[in-house]
Every structure is written in C-alpha cells, then in structure tokens.
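Take a look at the structure below.
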Amino acid sequence: MKHVVIGALTALLIISLTGCAELKELRVETAEQKAAIDRLNRENQACTDSLEAAREQLRQAGQELEARENEIQSKDRELQAKEEKVREQSEAFTRMQQAMKAELESKQVALKELEGKLTLTMVEAILFDSGKAEVKQEGRQALQKVAEVLKTVEGQEIVVAGYTDNVQIGERLAKIYPSNWELSAARAISVVKILVADGVNPENLSAAGYGEYRPVADNDTPEGRAENRRMEIILMPVRE
C-alpha cells in the first residue's frame, strides 16, 4: 500500500513538474508574442505616420501644381491680351498708312511703330498757321482721316502732344499764349476736340503740351525749327 501511495505521489509530482514546465514555456511564448505584437504595432504606426506624411506631401504638391497651372493660365491670358493689342496696333498702323498715303508721300506727316507705340507726326504747316491754335481746313481734312482709323481701335490710349521751336512768343501773341507751353497745349486740345467730333472715344484721348523742351532737330536752323514745330498723335496699349 505504501508503495502504491509513493508511486501515486511520484506520478503526481512528475505531472505537476511537467505542467509547470509547460506553463513556463507558455508564458515565455506569450511574452515573445506580446513583444512581437508590440513591434508589429509600432511598425504599423510608423507605416501609418509615413503614409499620412506622404499624403500631406502629395496634397501640398497638388496645391503647388494647381497654383502653377493657374499662374501659367494667367500668364497665357496676359500674353494673349498683349498679342491682341499688338495685332490691333499693327492693323491700325497699316490702316493709317493707307489713310494718310498722300500726306506721307508729301512728307507732311510721318508714321513709325516703335517699342509698342504707334506715332503719327504732323508738321505744323498742315495743321496751323503761325502763332495760332485753331486747326485750318487742310488740317481738319487730314485729322478726319486719322479719326477714321482711331475710332475703330480698342484697348489703346491716344495721346495728342504739341511741340514748338524755341522762338519766344511775340509781345502781341503773349497776351493769349504767354509761352510756348500754352501754345503747344492749346494746339493739342484743338486737335483732341476735332478727333472727338469725328467719332474718336474721348475716354481714350488725352492732350499734352511740351513747348520747346523736346526738340527732335537743331533749333539753330530754319529746317530744324520747322521739324520741331509738330503735333504727335501717339497710340499705345492702355496701362493696367
């Protein structure tokens, strides 16, 4: 009986020891699994953070791309608008050449297109008598041809500028025009009024008088003074 009891206890001890070993092994495996799970969780979080950062970079890149596309489209529109204005001015130049053919051939007017400006220069003799600001009949007829072109032009600023030589205003005339400034400005205004009467949009027009201070030739000769006594009609794109 004693041997039976001892055998039973021994078997129970062996079973207990075996169970403890298995439990210990299970605990070790559970700890390793937990560590693996924690590692996987950290890696997953790192992947999630990396993915979110990539999404943010992609979003920012998309915004930058959209902004650049908008900028390119805006510049394209500006370029198209400028090209349209240049085209209109070139057409105006051609029409002005045709309209003023006789005056150009007789050297009474000159026409040039430079640096985005179309400039029609008219000598004093075709427009005014000496010392006067009223446009004479010959000048009115020439300005009527100019107006036919200018009234069809859009998006352009039209500046009418008067110039004189350096000969001072005489005593009698000084009561009306104290200096060449007043005379040149009065002449420019007279031309503007005629252009408006012939259909040119007054919102596009302005008048300026420069007197003797922007000569294009030497005032020491009669020929030079004649060149300086002039009227310029300048066509340029409206400044935005």
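The values are calculated or read from the model by the stated rules, or taken from the named source; none is laboratory data. Bear in mind that the values here come from a model prediction, so they are computed numbers and not experimental data. Methodologically, a virtual Cβ is constructed for each residue, glycine included, from the backbone with ideal geometry; neighbour enumeration extends over all protein chains shown.
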Exercise for the section: Would you please name the residue that is modelled with the highest pLDDT, looking only at residues in the stretch 139-158 that are among the acidic types (Asp, Glu) and touching an Asp or Glu at 6+ places or on another chain (Cβ under 8 Å)? Expected result: 148
Problem - Output for the stretch 122-136, where each listed residue is under 20 Å from residue 193 (Cβ atoms) and either in contact with a Leu (Cβ under 6 Å, 6 or more places away or on another chain) or not aliphatic (A, V, I, L, M) (or both) - result: 124, 128, 129, 131, 132, 134, 135, 136
Problem - strands (runs of 3 or more DSSP E) completely within the stretch 74-167 that count 1 or more residues being without any contact (Cβ under 8 Å) to a residue 24 or more places away in the chain - result: 109-114
Problem - In the stretch 179-200, residue farthest from residue 159 (Cα to Cα) [restricted to those that are surrounded by 17 or more Cβ atoms within 10 Å (Cβ to Cβ) and polar (S, T, N, Q)] - result: 180
